[in-house]
Amino acid sequence: MRNLLRRAVHTALPILVVLLAAAEAEAQEPAISGFSTGAAAGQRALEARAIERIQPAALDSLARALAREPHVAGSAAQARVRDWILEQKRSWGLEAEVKTYSIYLPWPTAVELELVAPARQRFELGEPALDSDPTSSLPQFPWVNGYSGAGAVEGEVVYVNYGLHEDYARLDSIGVSVAGKIVLARYGRSYRGVKARLAEQQGALGLILYSDPYDDGYFRGDVYPEGAYRSPHAVQRGSIKNGPGDPSTPSWASVPGARRVEPGSTPGMEVPRIPVIPVGYAVAEPILRALRGRDLPGQEWQGALPLRYHVGPGPARVRLKVADDRETNPYKDIWNTIAWVRGRERPDEWVVAGAHSDAWNAGAGDNVSGTASVLAAARAVAELARAGARPRRT
């Protein structure tokens, strides 16, 4: 019996060692969903071959080419980006084409902001050029939020913190209304379109959005160009439309000649009717400094600018104007530049990767970084396909 146990232990030890080694290897190489252990090893090897083809210098070259000039959606510059991307994809041996869509996209023709009380101050709405950044001297798109309402309004200012439901509830609790006022809200904690919709629902005449240094500025770290955080005149533009896609073609494609509805008339696809603009904290500071009225309803409303914040209303009073081309040229053509490698087994099943190739300005961060990454990956896939590693799906 003792010899039998000894033989069983000796037999089990190698098995135990093998199992432990296998478990250790499995821990080092996490499973890939949908792949057997053997197939996962081949997949990892294929991915490594693809990654080897993506070099930092190539990404840098792609990014610099894409960020040569501001290329707002629908502009001639965006058409040049479209053509360059198409040329690159075809040069890599990819099948490629362009799809055109005609969308409701008013462009601003004038954006103005002026502090009219207690003392007049006309604000320069633009980012100063930096010697260290050649792109900063390129022409700039106006400081406006996409799909802002148009009009000229004047009124007392009310500071509404982040401009969310709970902030308006706090204002109600201290007897402050924003009806007939122009509200000043800081970016953060929600989508900017929510802030615009709530301001309009509360009866505000207009909305000024700004990036407080507490959330994105010197309170967090060094600002550009010394660091990564937002400098005093840097603005966050961006759409304030609520809902995806073209507001004139809810749930169907905006191809030329498509049926249209009144933009924003579909529930869930609203566009603001009040003027909305973004500013840097260099512009927001004089407005906040001129505010008095009620004290803050909570210390968490205090930002990082060197002053004591107040809610208002007044005596700060501003005039805000946004004019656009919605009456003369409301629809613009935009483009998808599509390339593909046909699947060897299931060509009708598609795996899609993409990035938007327009930008509010030169767009190195948003979204040239994304577009360059997708293009680099596309080139790697094309090279592997030419070498015989064609994917199963398109």
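The values are calculated or read from the model by the stated rules, or taken from the named source; none is laboratory data. Remember, it's a predicted structure, so these values are computed and weren't measured experimentally. So basically every Cβ, Gly included, is an ideal-geometry build from the backbone, and we count neighbours across all protein chains shown.
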When region 362-377 is checked residue by residue, the ones that are in a loop (DSSP other than H, G, I, E, B) and not aliphatic (A, V, I, L, M) are GLY363
Only one of (1) more than 17 Å from the chain's Cα centre (by Cα); (2) surrounded by 20 or more Cβ atoms within 10 Å (Cβ to Cβ) fails for ILE174. Which number is that? (2)
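Do you know which of the residues in region 192-214 that are free of Cβ contacts under 8 Å to residues at least 40 places away in the same chain and either in contact with an Asp or Glu (Cβ under 7 Å, 6 or more places away or on another chain) or not aliphatic (A, V, I, L, M) (or both) is surrounded by the most Cβ atoms within 10 Å (Cβ to Cβ)?
Among them, the one singled out is GLN202.
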Just one listed residue, out of VAL116, VAL81, VAL72, is on the phi < 0 side of the Ramachandran plot, hydrophobic (A, V, I, L, M, F, W, C) and touching a Phe, Trp or Tyr at 6+ places or on another chain (Cβ under 6 Å), and it is VAL72
Output the residue which, of all residues in region 57-93 that are within 23 Å of ARG386 (Cβ to Cβ) and exposed (fewer than 13 other Cβ atoms within 10 Å of the Cβ), is farthest from the chain's Cα centre (by Cα). SER91
Residues of region 232-249 being assigned to a loop (DSSP other than H, G, I, E, B), on the phi < 0 side of the Ramachandran plot, surrounded by fewer than 23 Cβ atoms within 10 Å (Cβ to Cβ) and of a type in the set (Gly, Ala, Ser), in sequence order, are ALA234
Boolean, GLY264 is at positive phi, part of a loop (DSSP other than H, G, I, E, B), surrounded by 17 or more Cβ atoms within 10 Å (Cβ to Cβ) and among the small types (Gly, Ala, Ser): yes
Has region 332-342 got at least one residue that is touching a residue at least 24 places away in the same chain (Cβ under 8 Å), closer than 24 Å to LEU138 by Cβ and either in a helix (DSSP H, G or I) or touching a Phe, Trp or Tyr at 6+ places or on another chain (Cβ under 6 Å) (or both)? yes
I need every pair where a residue in region 366-394 that is more than 14 Å from GLU47 (Cα to Cα) has its Cβ under 9 Å from the Cβ of a residue that is in a helix (DSSP H, G or I) and of a type in the set (Ser, Thr, Tyr), sequence separation at least 6 or different chains. ALA372/SER61
Which numbered condition in (1) over 21 Å from ASN145 (Cα atoms); (2) surrounded by 18 or more Cβ atoms within 10 Å (Cβ to Cβ); (3) among the hydrophobic types (A, V, I, L, M, F, W, C); (4) modelled with pLDDT under 95 is the only one that ALA339 fails? (4)
Which residue out of ALA96, ALA119 is touching a residue at least 40 places away in the same chain (Cβ under 8 Å), in the same structural domain as GLU69 (by TED's automatic domain parsing) and over 19 Å from ALA185 (Cβ atoms)? ALA96
